[in-house]
Amino acid sequence: MFVNFGYDALNDFGTLTAPGNFPNVINMGEASAERMTVDLKLPEGAVSGGPVTLSVQGADTEDGTYTAIVTGGAVSVDDLNRDGYKLPMPGTKFKFLRVAISGSFTGTVRALVNSYMGK
């Protein structure tokens, strides 16, 4: 269940229909995504194939070299279609964030920073 999710285009990494890097890079400025999650959504409904793996990467400059910050475990598309997926974010020093998805899937996926920090 996704609680209190508010969509904001500034938190959107974009959509993909094949594995790779999502098209949008987020400039965090002085902010931090620590204690937030990167959510994988299905804007056009269920996907097939899988499993898939989500990875958040960071860099000091937008066109710099990106380093993995956190990589989740393999998520089956059955779990993704049923429950969605949230990858918890640790603290990071990087100003720029991007997200990559690996594996095999058919359909459309969207990655977003969910700013809900829990209780």
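The values are calculated or read from the model by the stated rules, or taken from the named source; none is laboratory data. Everything numeric in this text was worked out from a predicted model, so none of it was measured. Counting neighbours? That spans all protein chains shown, and the Cβs are built from the backbone with ideal geometry, glycine included.
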Q: Using the structure shown, decide if Val70 is within 19 Å of Gly14 (Cα to Cα), surrounded by 15 or more Cβ atoms within 10 Å (Cβ to Cβ), touching a residue at least 24 places away in the same chain (Cβ under 8 Å) and β-branched (Val, Ile, Thr).
A: no
Q | So Thr53, is it in a loop (DSSP other than H, G, I, E, B), under 16 Å from the mean Cα position of the chain (by Cα) and surrounded by 15 or more Cβ atoms within 10 Å (Cβ to Cβ) | A | no
Q.
Anything in segment 56-73 that is farther than 18 Å from Gly20 by Cα and part of a strand (DSSP E or B)? List them, or say none.
A. none
Q) Of all residues in segment 16-38 being under 12 Å from the mean Cα position of the chain (by Cα) and not in a strand (DSSP E or B), which is nearest to Thr67 (Cα to Cα)? A) Val25
Q. Among the residues of segment 74-119, how many are in a helix (DSSP H, G or I), of a type outside the set (Asp, Glu) and more than 14 Å from the chain's Cα centre (by Cα)?
A. 3
Q.
Please count how many residues of segment 9-30 are surrounded by fewer than 11 Cβ atoms within 10 Å (Cβ to Cβ) and either among the hydroxyl-bearing types (Ser, Thr, Tyr) or at pLDDT below 75 (or both).
A. 1
**Q.** Matching residues, segment 31-49, being over 16 Å from Ala111 (Cβ atoms) and surrounded by 12 or more Cβ atoms within 10 Å (Cβ to Cβ)
**A.** Ala31, Ser32, Arg35, Ala46, Gly49
Q. Does Gly103 satisfy being surrounded by 15 or more Cβ atoms within 10 Å (Cβ to Cβ) and either in contact (Cβ under 8 Å) with a residue 12 or more places away in the chain or more than 18 Å from Pro23 (Cα to Cα) (or both)?
A. yes
Q: Read through the list (1) at pLDDT 95 or above; (2) more than 11 Å from the chain's Cα centre (by Cα), then give the number of the only condition that Phe5 fails.
A: (1)
Q. Applying the selection to segment 29-63, what residues are in contact with a Phe, Trp or Tyr (Cβ under 7 Å, 6 or more places away or on another chain) and within 14 Å of Phe96 (Cα to Cα)?
A. Gln57, Gly58, Ala59, Asp60, Thr61, Glu62
